[in-house]
Amino acid sequence: MGAFPFTTALNQWLEPRSQRLRVRQGKHSRQLRKPFSAAVGLLRQLEDRRIQTIISALQLSKQAILASQTCPACFGPQPTNLSDYPANIRGQLCVCLDGNFQHRHQTNASRDHDRVRTPQYFLSQTQVDRVSQEIRDREAEGMDPVQ
């Protein structure tokens, strides 16, 4: 997440409404980007530790961790408005894949971007390449050399 646009907008909104934030014993206004970025980083670390504490306290297996993080429709709580959904679409799973755009956007969005944090349930590129090669090999088994 780029902090600069958010903190710039926050400064523009706060300045006419409150006393200007200044550096201690200084005349220049205080830059909010660095402390805000540090706070976001700390919040992410706390969230990671919270998840790890829950996983270790519940002694979840790898499959249970994967299920709880990837499929809230199957393993999460029931929605309170279940009657609002027609019976023929209840329990359907919607899978949205937009990883390439998101990674490219996050990489190119700003100069102060964080490293991409890939969730553990994403396949690594080596796994994808290996399976692609296996598929090509199996498809090639039944083909003539001319094809």
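The values are calculated or read from the model by the stated rules, or taken from the named source; none is laboratory data. Predicted model only: the values in this text are computed from it and were never measured. All Cβ positions, glycine included, derive from the backbone under ideal geometry; neighbour counts span all protein chains shown.
Surrounded by fewer than 10 Cβ atoms within 10 Å (Cβ to Cβ), of a type outside the set (Phe, Trp, Tyr), modelled with pLDDT of 65 or more and in a loop (DSSP other than H, G, I, E, B): does that describe residue 90? Considered against the rule, which asks whether it is surrounded by fewer than 10 Cβ atoms within 10 Å (Cβ to Cβ), of a type outside the set (Phe, Trp, Tyr), modelled with pLDDT of 65 or more and in a loop (DSSP other than H, G, I, E, B), residue 90 comes out as no. Out of (1) of a type outside the set (D, E, K, R); (2) at pLDDT 75 or above; (3) over 16 Å from the mean Cα position of the chain (by Cα); (4) surrounded by 11 or more Cβ atoms within 10 Å (Cβ to Cβ), the odd one out for residue 66 is which? Failed condition: (3). Just so you know, in the stretch 118-143 the residues that are among the acidic types (Asp, Glu) and surrounded by 10 or more Cβ atoms within 10 Å (Cβ to Cβ) include one that is modelled with the lowest pLDDT, and it is 139.
The residues on offer are 83, 61, 37, 56, and the sole one that is modelled with pLDDT of 75 or more and touching an Asp or Glu at 6+ places or on another chain (Cβ under 8 Å) is 37.
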